[in-house]
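Enquirer: Have a look at this one.
The values are calculated or read from the model by the stated rules, or taken from the named source; none is laboratory data. Values in this document were obtained by computation on a predicted structure and should not be read as measured data. What goes into the accessible areas is simple: the full protein's heavy atoms, side chains included, and nothing from ligands, DNA or RNA. Shrake-Rupley method; radii C 1.70, N 1.55, O 1.52, S 1.80 Å.
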Amino acid sequence: MNVPLDPRPSPAVNAGKLWAGGAATAAVAALIAVAGILLGRGLFDVEVLAPKGQGTWGDASTGWYALGAGVAALLATGLLHVLLLTTPRPMRFFGWVIALATVVGMLAPFVTDASTGARFYTSGLNFVLGVAIGSLVAGVGKSALIPVAARPAARPQW
């Protein structure tokens with residue numbers, strides 16, 4: 001008797017909606033990075049990503065940091081797309097990956113020789129970015145799911 005292991009149908013994914021949301025998340029993440037750097041340098045006088053001598057805007061590292069935040073959002077979108085298509089409980093796996101990646105991002109500044117204030121501020125900024133990317137992409141992923149109508153249960157052949 002051929003009985004499928006999981007009789008529940010897998011939902012389909014509206015890829016256009018998912019990636020449009022991922023692109024919007026990338027823009028938000030880049031803007032959070034820029035705003036966070038401007039806030040840290042301008043208001044709190046913290047050396048975020050560049051020495052104080054570079055001014056409030058800093059140098060090219062600000063742009064690279066914003067670009068990196070946007071790329072991280074697109075990578076998260078790609079990961080979620082693959083998980084939605086291939087794994088059971090994709091949102092749970094996505095949550096774990098994003099949480100662990102956020103922890104890594106928060107710990108990364110502490111392996112540099114930056115000042116203590118810069119380390120803590122950058123760690124906090126990475127936390128905000130991780131939460132924003134994770135929550136926005138997860139929300140977009142849930143809204144991009146197309147439910148599949150349940151099929152009637154197959155009757156066993158006696």
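Enquirer: Under 1.5 on a/c is rounded, so check that first for the range 78-154, then, if it is not, pick prolate when a/b is larger than b/c and oblate when it is not; a ≥ b ≥ c are the square roots of the alpha carbon gyration tensor eigenvalues.
Expert: Because a/c hits 1.5 or more and a/b exceeds b/c, the range 78-154 counts as prolate.
Enquirer: Using a 1.4 angstrom probe and counting only protein chains, how large is the accessible area of LEU75 in Å², to 10?
Expert: Answer for LEU75: close to 120 Å² accessible.
Enquirer: So who's got an amide H within less than 5 Å of the one on VAL13, skipping anything under 5 residues away but keeping other chains? H placed 1.01 Å off N, in plane.
Expert: ILE146
Enquirer: Between SER61 and ALA12, what is 0.36 nm times their sequence separation minus the Cα-Cα distance? Round to one decimal in nm.
Expert: 13.7 nm
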